[in-house]
Amino acid sequence: MIQFIADKYLAQKLKKVKRKVGAINLATAKSAILVYNASNASFEKKVRDYARFLKEEGVKVDTIGFYKLKGKEDQRPQDELGYVYYDKKCINRLGFPNDNRVLKMIAKDYHLMIDLNFDSTFSLKVISTLSNANFKIGRSRGYQKDICDLTISTENNELDYFLSQTTTYLKMINKK
């Protein structure tokens, strides 16, 4: 029941989102945000490597990662320059982020938003859906089919393959 209410509320908030939609290639992109689940260390490393690659291409990259606490003593990673982490304490009962750092990132106008939410974490869905990014990229599964401007179909759940395909398509887009 709560999930139904959360989905309806998200649909209402989506109607108020005003963003400038347009295809942007890797050469013209100036800023990007990567949205992902930071709970898995190997997944985190791959996202950081991709963020480093984008920075080498001249794109200012911010990342926002959801960290699922594994126990009472477990703590989310500390924020770093361009890397913001949040956990369950930073979201409300419906699953919407209520942390100011996260809300500022949602409102910011990025050229690219790459949704790396492979396990359908609802708060990451909220961030991707409400993001003001000009060009949203995600997998062609679940909610991402509806909110992303470019969806990439992958048979497997390999992050490496998805990121390589994302790079390929971002380089192929011809912006005149």
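Each reported figure results from applying straightforward, stated rules to the coordinates on display, with no laboratory input. In this text the structure is predicted, and so the values were computed from the model without any measurement. Note that each Cβ is placed from the backbone with ideal geometry, even for glycine, and that neighbours are counted across all protein chains shown.
Note on the stretch 19-30: residues that are surrounded by fewer than 18 Cβ atoms within 10 Å (Cβ to Cβ) and either under 21 Å from Thr168 (Cβ atoms) or polar (S, T, N, Q) (or both) amount to 6.
Can you tell me which residue in the stretch 1-52 is farthest from Asp119 (Cα to Cα), limited to those that are among the aromatic types (Phe, Trp, Tyr) and in contact with a strand residue (DSSP E or B) (Cβ under 9 Å, 6 or more places away or on another chain)? Filtering the stretch 1-52 for residues that are among the aromatic types (Phe, Trp, Tyr) and in contact with a strand residue (DSSP E or B) (Cβ under 9 Å, 6 or more places away or on another chain), the one farthest from Asp119 (Cα to Cα) comes out as Tyr50. Kindly indicate the residue of the stretch 111-125 that is in contact (Cβ under 8 Å) with a residue 60 or more places away in the chain and more than 21 Å from Gly22 (Cα to Cα) and also surrounded by the fewest Cβ atoms within 10 Å (Cβ to Cβ) among those meeting that condition. Result: Asp119. Search the stretch 88-110 for residues being surrounded by fewer than 18 Cβ atoms within 10 Å (Cβ to Cβ) and among the aliphatic types (A, V, I, L, M), and hand back the single one that is nearest to Asp7 (Cα to Cα). For the stretch 88-110, the residue satisfying everything is Leu94.
One residue stands out among those in the stretch 141-176 that are touching a Gly at 6+ places or on another chain (Cβ under 9 Å) and aliphatic (A, V, I, L, M): the one that is nearest to Gly58 (Cα to Cα), which is Leu150.
Give the residue that is surrounded by the most Cβ atoms within 10 Å (Cβ to Cβ), with candidates limited to residues of the stretch 49-87 that are of a type in the set (A, V, I, L, M) and touching a Leu at 6+ places or on another chain (Cβ under 9 Å). The qualifying residue surrounded by the most Cβ atoms within 10 Å (Cβ to Cβ) is Ile64. Considering the stretch 126-157, the residues that are touching a residue at least 40 places away in the same chain (Cβ under 8 Å) and in a strand (DSSP E or B) include one that is surrounded by the fewest Cβ atoms within 10 Å (Cβ to Cβ), namely Leu150.
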